[in-house]
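This report concerns only the one structure given below.
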Amino acid sequence: MSTAKQSQSQYYDSQTFYDEMFEKDFSVRAHYDSVHRLFGRIKPAELAIRQNAINQRMMEEGITFTLYSEAQNEPLERTIPFDYIPRVIPRHEWEVVDRGVRQRIRALNAFIHDVYHGQKIVADGIIPRRMIVSNTYFRPEMAGLHVPGGVYITASGIDLIRDEKGRYYVLEDNLRSPSGFSYLFKGRTLMSELFHDLYLSSSVQSIDRSLNCFLSSLRALSPNGKRDPLIVLLTPGAFNSAYYEHTFLAQQMGIHLVEGRDLVYKDHKIYLRDLRGLRQVDVIYRRIDDDFLDPLAFQPDSVLGVPGLMNAYRAGNVAIANAPGTGVADDKAVYAYVPDMIRYYLGEEPLLHNVPTYILSRKEEREYVLEHLDQLVVKETSLSGGYGMLIGPSATKSELQAFAEAIKREPERYIAQTTMKLSRAPVMVDGGMTPRHIDLRAFALMGEETHVIPGGLTRVAMQEGSLVVNSSQGGGVKDTWVLNR
């Protein structure tokens, strides 16, 4: 074995985990060759300079994320960890992911429409009715309401992982207001500037048109057919953990960044208050949850939304992206039925498979999970961002006991999944490459056509051995390069 391979074998368990850069014998995968050669020869001092340049740019531009911790009295705002070794995906591999994500979104959109128009999938015995009507995100107010273009899921983030054999699996569907767009675009800007020669020589698929596709998807929702609709991004405000992303998207798409107090309901329409008076709003890209959208329709003490918004929506005078009630398909228990949805609505076999999932309201599956809790991952169905989750193999006895008791009390609140051996990719630590577990958030934009952003966002569990990649739990990100060849 060469010296380089011996060095890698000290850090990489190539038999247990699939590594994105290295084969099992520690040779470099062909599509990573130029990346490996560059990072293998750059001196640690030069890498430190480039890392400092990245950190400085992120601080100057305010590319931050707010962390909330029970151990701290105040939230901590920090730059998201950005690793500059890109994840590289060959074209033929990405084409499978692209088709699989498109297929999944079509089925999920059809399911949401069906939920609010007849529930045929329930009548045909594919999904239990209780799983819909007891769902935290089911909105009876949406029943019978026809949304513009039939599009409920304008923007979605489908989380993918790879197992030890390199096979892709869908881990979660994020359909309400997925985050991470800004890190994807800013990461690409940083890499194309600081590693310009490598980027150009690698023939990477461009993401430049993706923001235009996002804007086109929002324009397509305009309920009155205006050529130049007034579009706003509704944010909870500067204290929200993803506020940087809200400002970035509004600026890049040329739409108005607003809070609820900037909008007013009048005559079944929504208007924007500005220096020119009141201007009718046609499309609202909301980054607040359903509960806070309209205090007259949902949570009455909300100060983030717009009183009367749902009246204007029902009247067909304003579009909302994503549509209220999309969370009914975002639920982790409903996730288990997505392969059945694909077969039911599309008449196709799923191109991307689910992680094996246990529904804990089923007695046999619950008993199995309780007996094997230390081997499984348990998730609370209505939570995201890495919250409400137990990773059995790394949990303490007290944590296992607490989850077992919670499952027995309210089994319908939880699902369990097989603990997958997430693939790993190298990150740079102290001038050397070392492996960390990763996943991939693939972003799909649905309008007149569906656009999947090439590459998406690779999320990294920055702590050695950790499987938790969420930014809210301290995870980092990488730029993801889909090659043109």
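Percent antiparallel among DSSP beta bridges with both residues in segment 240-326, to the nearest 5?
On the way: 8 of 11 bridges.
Antiparallel bridges make up about 75 percent of those DSSP assigns within segment 240-326.
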For segment 175-255, state which trypsin sites (Lys or Arg not before Pro) are in a DSSP loop and have at most 15 other beta carbons lying within 10 Å of their beta carbon.
-> R209, K226, R227
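For the chain, what is the accessible area per residue in Å², given a 1.4 Å probe and the full set of protein chains? It would help to have the intermediate numbers written out before the result.
Values: 21120 Å² over 485 residues.
Per-residue accessible area for the chain comes out at 44 Å².
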Checking segment 232-271 for chymotrypsin sites (Phe, Trp or Tyr not before Pro) in a loop per DSSP with at most 15 other beta-carbon atoms within 10 Å yields F239
Go through segment 253-261 residue by residue and turn each phi into a ³J(HN,Hα) via Karplus (6.51, -1.76, 1.60, θ = phi - 60°); whole Hz please, and just put x for glycine and proline.
-> 8, x, 10, 7, 8, 9, 10, x, 5
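At 0.890 mPa s and 25 °C, plugging the Kirkwood radius over alpha-carbon pairs of the chain into Stokes-Einstein gives what diffusion coefficient in µm²/s?
104 µm²/s
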Could you name the lysines in cross-link range of K120, using Cα to Cα under 30 Å and dropping any fewer than eight places away on the same chain?
-> K332, K363, K379
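Nothing charged except the Cβ atoms of Lys and Arg (+1) and of Asp and Glu (-1): what's the magnitude of the dipole of segment 97-195 about its Cα centre? Round to the nearest 20 debye. Before the final figure, lay out each step's value.
Numbers: 14 positive and 10 negative charges, 25 e Å.
Approximately 120 debye in magnitude.
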Among the DSSP beta bridges whose two residues both lie in the chain, what percent are antiparallel, rounded to the nearest 5?
-> 75 percent
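Can you compute the FRET efficiency between K363 and D124 using 1/(1 + (r/R0)^6), with r the Cβ-Cβ distance and R0 = 22 Å? Round to the nearest 0.05.
Working: r = 24 Å, r/R0 = 1.08.
That pair, K363 with D124, gives E of 0.40.
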Alpha carbon centroid spacing (whole Å) that separates segment 433-485 from segment 247-275 | 30 Å
Rounded to the nearest Å, the spacing of the alpha-carbon centers of segment 340-419 and segment 108-169 is 19 Å
Approximate spin-label separation E349-R209, in nm, with each point projected 7 Å along Cα-to-Cβ | 3.2 nm
Determine which lysines satisfy two conditions relative to K186: a Cα distance under 24 Å, and not lying fewer than 8 residues away in the same chain.
-> K478
DSSP-loop GluC sites (Glu not before Pro) across segment 352-461, with at most 14 other Cβ within 10 angstrom | E448, E449
To the nearest 10 square angstrom, what accessible area does S182 show with a 1.4 Å probe?
-> 0 Å²
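How big is the equivalent ellipsoid of segment 414-485 along its three axes, where each semi-axis is √(5λ) from the Cα gyration tensor, reported in whole Å from largest to smallest? Mind showing how you got there, number by number?
Numbers: eigenvalues 122, 69, 24 Å².
For segment 414-485, the semi-axes come out at 25, 19, 11 Å.
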Percent accessible area from carbon and sulfur atoms, the chain, protein chains only, probe 1.4 Å | 48 percent
Measuring from its Cα centre, the chain shows a charge dipole (+1 at each Lys and Arg Cβ, -1 at each Asp and Glu Cβ) which, in debye to the nearest 20, is 800 debye
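The values are calculated or read from the model by the stated rules, or taken from the named source; none is laboratory data. This one's a predicted model, so the numbers in the text were calculated from it and none came from an experiment. A quick note on method: Cβ atoms are made from the backbone with ideal geometry, for glycine too, and the neighbour counts reach across all protein chains shown. Note: areas computed on protein heavy atoms with side chains; ligands, DNA, RNA excluded. Shrake-Rupley method; radii C 1.70, N 1.55, O 1.52, S 1.80 Å.
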